[in-house]
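Okay, so here's the structure we're looking at.
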């Protein structure tokens, strides 16, 4: 079973949570945006944990990670994140986030492992940390 990573989930989770709060504030200003925005943060961490630990999660159910399964799981996670964002305000009977903002967050959740590897893994300090999610040096 593949080890799971924690550092990228926490850092990318905080970054995406801030972006989500900004979008919610823009789209729901004056309508309890902070409560809705804070409600979205824990699920953001859950989606990111799975997106960044697909090999580990698949190992729990006895499956092996392949390119197509990896892509499929990331797409499903992104779609679920978008559905959750759209449904949260709709259930409360409020306007909700605008579609472009919802799509941006969904795509960022899908791409977060790649963004982490391209940006953060090129910082030498991060590469040396445990559970950094960076590929091992060859």
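The values are calculated or read from the model by the stated rules, or taken from the named source; none is laboratory data. Note that this is a predicted model, so its numbers are computed, not measured. Cβ: placed from backbone, ideal geometry, glycine included. Neighbour counts: every protein chain shown.
Considering the conditions (1) at pLDDT below 90; (2) loosely packed, with under 15 Cβ neighbours inside 10 Å; (3) under 17 Å from the mean Cα position of the chain (by Cα), residue 133 is excluded by exactly one of them, (2).
In the set (1) loosely packed, with under 13 Cβ neighbours inside 10 Å; (2) at pLDDT 85 or above; (3) outside any helix (DSSP H, G or I), the condition left unmet by residue 114 is number (3).
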